[in-house]
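The values are calculated or read from the model by the stated rules, or taken from the named source; none is laboratory data. Note that the structure is a prediction, hence the values are computed from the model and not measured. Ideal geometry is used to build each Cβ from the backbone, glycine not excepted, and the neighbour counts take in all protein chains shown.
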Amino acid sequence: MKIDQFVVDDFLQKWESGFLCLHPTDTIPGISFNPQSELAYASLLELKKRPANKTCICLVNSLSIALEQWAALPDGWVDSLKELWPGSLTVVWQAKTKHPLVRDDGTIALRCPSISAETPLIAEVLSKTSGLFPSTSVNLSGEPSFTDWKQAKDFLSKFQGNIFTPDLDLGASCNRLPSTIIKILYSGSYEMIREGALRKDQIDKVIEVTNT
């Protein structure tokens with residue numbers, strides 16, 4: 001699907017000015033906000049009934065950008081991520097510097113999504129934002145996430161405020177599983193936080209190959 005440049009420009013203008021913006025991914029739809037806007041983040045907390053100390057996954061458009069954000073990874077992980085990304089894997093590791101998207105424990109959760117014919121908007125947006133694009137599921141905190149585009153739009157239409165839903169005909173084209181989330185440990189192994197679209201055995205197979 002070819003994306004109209006007007007839709008991209010409109011999305012970026014709204015995002016930069018503090019709107020909550022619905023966007024597609026290679027997994028489930030997400031809501032993003034400009035991390036420089038305190039008002040946008042406050043709006044997200046209100047919409048999702050979300051605790052203020054809970055941070056978001058950040059989407060990036062390359063491994064190199066992730067490596068700029070993280071402290072040095074344990075041996076083998078750069079090679080493993082070259083195989084696992086782009087994909088439906090979110091990785092939690094120590095951040096180099098403290099900023100609003102870093103968790104209380106000093107970590108940051110990053111993911112480089114796959115880009116397909118159904119998700120050209122996210123490719124355009126990631127190429128034009130300044131490295132980090134926070135994203136969270138479309139739902140009330142603690143409740144199931146909406147898994148397709150129409151459900152997500154219908155949910156957001158019930159709320160007042162600065163919310164932007166781009167005019168995209170995606171139907172149920174999004175994957176119905178969220179990304180898998182792992183946390184890298186100092187030992188070089190990892191902890192499974194959530195098994196989603198990428199299975200544990202798929203991750204283990206890549207790690208085994210890249211560490212031999």
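Only residues that are touching a residue at least 60 places away in the same chain (Cβ under 8 Å) and touching a Phe, Trp or Tyr at 6+ places or on another chain (Cβ under 6 Å) were counted across the stretch 61-99, and they come to 1. If you filter the stretch 82-111 down to residues that are touching a helix residue (DSSP H, G or I) at 6+ places or on another chain (Cβ under 9 Å) and in a strand (DSSP E or B), you find that the one that is farthest from T27 (Cα to Cα) is A95. Within the stretch 182-212, the residues that satisfy the criterion of being part of a loop (DSSP other than H, G, I, E, B) and modelled with pLDDT under 90 are N211, T212.
Among residues of the stretch 125-141 that are in contact (Cβ under 8 Å) with a residue 12 or more places away in the chain, those with a Cβ under 6 angstrom from a residue that is β-branched (V, I, T) and surrounded by 13 or more Cβ atoms within 10 Å (Cβ to Cβ), sequence gap 6+ or separate chain, pair up as G131/I65; S135/I57; T136/I31; V138/I31. Per the listing S179, S173, the residue uniquely under 17 Å from T27 (Cα atoms) and either under 15 Å from the mean Cα position of the chain (by Cα) or at pLDDT 95 or above (or both) is S179. The residue of the stretch 10-60 that is surrounded by the fewest Cβ atoms within 10 Å (Cβ to Cβ), among those that are free of Cβ contacts under 8 Å to residues at least 60 places away in the same chain and touching a helix residue (DSSP H, G or I) at 6+ places or on another chain (Cβ under 8 Å), is A52. Looking only at residues in the stretch 86-114 that are modelled with pLDDT under 95 and of a type in the set (V, I, T), the one that is surrounded by the fewest Cβ atoms within 10 Å (Cβ to Cβ) is T97. Taking the stretch 68-85 as the range and being surrounded by fewer than 17 Cβ atoms within 10 Å (Cβ to Cβ) and on the phi < 0 side of the Ramachandran plot as the test, the residues that pass are E68, A71, A72, P74, D75, V78, D79, K82, E83. Please find, among A117, A152, the residue that is under 24 Å from D4 (Cα atoms), modelled with pLDDT under 95 and in contact with a Pro (Cβ under 9 Å, 6 or more places away or on another chain). After applying the criteria, what remains is A152.
In the stretch 143-169, the qualifying residues are those that are in a loop (DSSP other than H, G, I, E, B) and of a type in the set (F, W, Y), and the one that is nearest to F19 (Cα to Cα) is F159. Could you check how many residues of the stretch 119-144 are crowded, with 18+ Cβ neighbours inside 10 Å and farther than 17 Å from L12 by Cβ? Result for the stretch 119-144: 4. Annotation note: of L59, L121, L67, the sole residue that is farther than 30 Å from L170 by Cα and of a type outside the set (F, W, Y) is L67. Residue-level check: of (1) in contact with a Lys or Arg (Cβ under 7 Å, 6 or more places away or on another chain); (2) within 23 Å of W93 (Cβ to Cβ), S141 misses just (2). If the condition is being of a type in the set (D, E) and modelled with pLDDT under 90, then the stretch 1-25 contributes only D4.
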